[in-house]
Amino acid sequence: MIRTKEDFFNLLVLPIKTKGYELIDIEFNRHGSEKIMQLFIDSPLGIGLDDCVAVNQIALEVLGNDDPIFKTNTLEVSSPGIYRKLITIDHFKTYVGQRIKVRLQQKHRGIKKAIGILQACSEKKIRVIIEKDGSELEIPLLQITKANLQPILDF
């Protein structure tokens with residue numbers, strides 16, 4: 001039984017949500033010879049170690065300790081971090097006014113990668129004020145391959 005990232009997401013999203021967390025994304029990564037299934041979660045109160053442990057337990061209960069995925073992968077649960085991914089329209093709506101970085105499938109008005117302030121979003125596009133030149137760019141959501149928060153860190 002081969003399952004996709006989307007299959008796992010669909011299995012886990014509701015049980016995790018009923019416990020007060022948002023499942024943002026699932027990634028499959030390698031660290032050396034170790035394969036890792038990473039769940040990224042968030043909540044209105046933020047994420048701490050106890051939250052990660054709780055969601056880890058939920059995932060084990062839903063999938064079962066003997067699920068074949070655990071024979072080849074280690075399960076890891078973490079917060080989305082300060083460079084939080086923006087995947088769904090709700091993510092974009094939540095972070096209007098924030099500095100973001102977007103990568104596009106192809107150049108749009110000469111831009112393939114941009115950093116700027118997310119001004120607005122609709123069901124089909126976002127509007128960003130580009131940091132480099134102050135221009136406004138409307139980007140169709142279907143053109144975005146990757147987007148995340150891009151805060152300025154002052155030390």
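How large is the dipole of region 89-149 about the Cα centre if only Lys and Arg carry +1 and Asp and Glu carry -1, each at its Cβ, rounded to the nearest 20 debye?
Once rounded to the nearest 20, the dipole reads 280 debye.
How about Lys101: which lysines have a C-alpha closer than 20 Å to its C-alpha, ignoring those fewer than 8 places off in the same chain?
Within the straight-line cut-off, Lys101 pairs with Lys85, Lys93, Lys112, Lys113, Lys124, Lys125, Lys132, Lys146.
If you place +1 on the Cβ of every Lys and Arg and -1 on the Cβ of every Asp and Glu, how big does the dipole about the Cα centre of region 5-78 come out, in debye to the nearest 20?
100
Separation between the Ser78 and Val53 pseudo-spin-labels, each 7 Å from Cα along Cα→Cβ, expressed in nm?
Once both label points are built, they end up 1.9 nm from each other.
Could you tell me the distance between the Cα centroids of region 88-129 and region 18-33, to the nearest Å?
23
Nearest 20 debye, what's the magnitude of the dipole of the chain about its Cα centre given +1 on Lys and Arg Cβ and -1 on Asp and Glu Cβ?
Magnitude of the dipole: close to 860 debye.
Looking at (1) 15.6; (2) 15.0; (3) 17.1, which value of Kirkwood radius over Cα pairs in Å comes from a calculation on the structure shown?
Of the labelled values, this structure produces (3).
For region 81-155, I need the span (max minus min coordinate) of the C-alpha atoms along each principal axis, in Å, sorted largest to smallest.
Result, largest extent first: 34, 27, 18 Å.
Can you give the local net charge around Pro151? Use residues other than it whose beta-carbon is closer than 14 angstrom to its beta-carbon, Lys and Arg +1, Asp and Glu -1.
+2
Below 16 Å, Cα to Cα, which lysines can Lys35 reach? Residues fewer than 8 away in the same chain don't count.
Lys5, Lys71
How high is the FRET efficiency between Lys146 and Glu34 when r is their beta carbon distance and R₀ equals 25 Å, given to the nearest 0.05?
0.55
Under the Karplus relation 6.51 cos²θ - 1.76 cosθ + 1.60, θ = phi - 60°, what is the ordered set of whole-Hz ³J(HN,Hα) values for region 17-24, x standing for Gly and Pro?
So the Karplus estimates, Gly and Pro as x, are 5, 5, 9, x, 10, 10, 7, 7 Hz.
Read the figures in this text as sums done on the coordinates, not as results from a lab. On a predicted model such as this, the values are computed, not experimentally measured, just so you know. All Cβ positions, even for glycine, are placed from backbone atoms using ideal geometry, and neighbour counts span all protein chains on display.
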